[in-house]
Amino acid sequence: HGAAGIISLTPATPTRHHRGRVKQGQCEVRRRPRWRHLSEESRAMKLCVFAKSTLAHRTGGMEVQGRLLTEALVRLSHQVIVITTSHPDGQERDVHANGVRIRFLPDAPPGVYSRRWWTVSARAFEQLCREEDVDVVVSQSAAAFGVLDRLEGRPLVVNVYGSTPAGTFASEWRGVSS
């Protein structure tokens, strides 16, 4: 796939760009202009997004942002697979929502980081990479921690939540190590 699929994620703050103004609190994903000459197919990427929780688990800022981001990427012709903890209702099959494929891992406690989550999410990622070409890994907070040694050169995008990145990761790690 290569560099033809590079995207830029613009911040959710007021900014001016060639198409006008982005309103506060909105998330926009747009391609870098220099790739416009390429076909949609050659620009499309497959992204694997790791999230400890989705809107199926709870309604919060990280979960809402995750849905907005993944659905925006699908609208830009990318394929998105979300790997997350078990469904609160015990559902074990992949769910397709607005073009996004969500894989609930039944062996990981729902909505929390745990040693089990790191293990089963890494195993699920390895299986996914055997079945499909994954171009980019996206981590909602520390969710992709378990696959850092399995990226094999794939770019990693981390969306950090909280007041400081160090505080967010320290807080999440304390939850796992206790």
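The values are calculated or read from the model by the stated rules, or taken from the named source; none is laboratory data. From a predicted model like this one, the values you see are computed outputs, not experimental measurements. Cβ: placed from backbone, ideal geometry, glycine included. Neighbour counts: every protein chain shown. Accessible surface areas use protein heavy atoms only, side chains included; no ligands, DNA or RNA. Shrake-Rupley method; radii C 1.70, N 1.55, O 1.52, S 1.80 Å.
Residue-wise test of (1) at pLDDT 95 or above; (2) farther than 24 Å from ARG154 by Cα; (3) not in a helix (DSSP H, G or I).
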site: MET62; (1), (2), (3): no, no, no
site: ILE83; (1), (2), (3): yes, no, yes
site: ARG93; (1), (2), (3): no, yes, yes
site: ILE102; (1), (2), (3): yes, no, yes
Requested in this report: Return yes when SER171 is open to solvent by 40 Å² or more (accessible area, probe 1.4 Å), part of a loop (DSSP other than H, G, I, E, B) and modelled with pLDDT under 70 and no when it is not.
Outcome: no
Report task. Would you check if there is a residue in the stretch 69-76 being modelled with pLDDT under 95, over 23 Å from ALA44 (Cα atoms) and of a type in the set (A, V, I, L, M, F, W, C)? Result -> no
Query raised in the report: Considering the stretch 144-160 alone, what residues qualify as being at negative phi, assigned to a loop (DSSP other than H, G, I, E, B) and either free of Cβ contacts under 8 Å to residues at least 12 places away in the same chain or touching an Asp or Glu at 6+ places or on another chain (Cβ under 9 Å) (or both)?
Result: ARG154, PRO155
Report summary line: Note on the stretch 104-137: residues touching a Cys at 6+ places or on another chain (Cβ under 7 Å) and in a strand (DSSP E or B) are VAL137
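In this structure, does LEU69 turn out to be under 16 Å from VAL138 (Cα atoms), in contact with a Cys (Cβ under 7 Å, 6 or more places away or on another chain) and among the hydrophobic types (A, V, I, L, M, F, W, C)? Explain how you work it out, then say what you get.
Working: under 16 Å from VAL138 (Cα atoms): yes; in contact with a Cys (Cβ under 7 Å, 6 or more places away or on another chain): yes; among the hydrophobic types (A, V, I, L, M, F, W, C): yes.
Judged against the criteria, LEU69 is a match.
Quick grid of which residues meet (1) over 21 Å from ALA122 (Cβ atoms); (2) open to solvent by 50 Å² or more (accessible area, probe 1.4 Å); (3) without any contact (Cβ under 8 Å) to a residue 40 or more places away in the chain; (4) basic (Lys, Arg):
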{"residue": "ARG58", "(1), (2), (3), (4)": "yes, yes, no, yes"}
{"residue": "VAL64", "(1), (2), (3), (4)": "yes, yes, yes, no"}
{"residue": "GLU71", "(1), (2), (3), (4)": "yes, no, yes, no"}
{"residue": "LEU76", "(1), (2), (3), (4)": "yes, no, no, no"}
{"residue": "ILE83", "(1), (2), (3), (4)": "no, no, no, no"}
{"residue": "HIS96", "(1), (2), (3), (4)": "yes, yes, yes, no"}
{"residue": "ARG103", "(1), (2), (3), (4)": "no, no, yes, yes"}
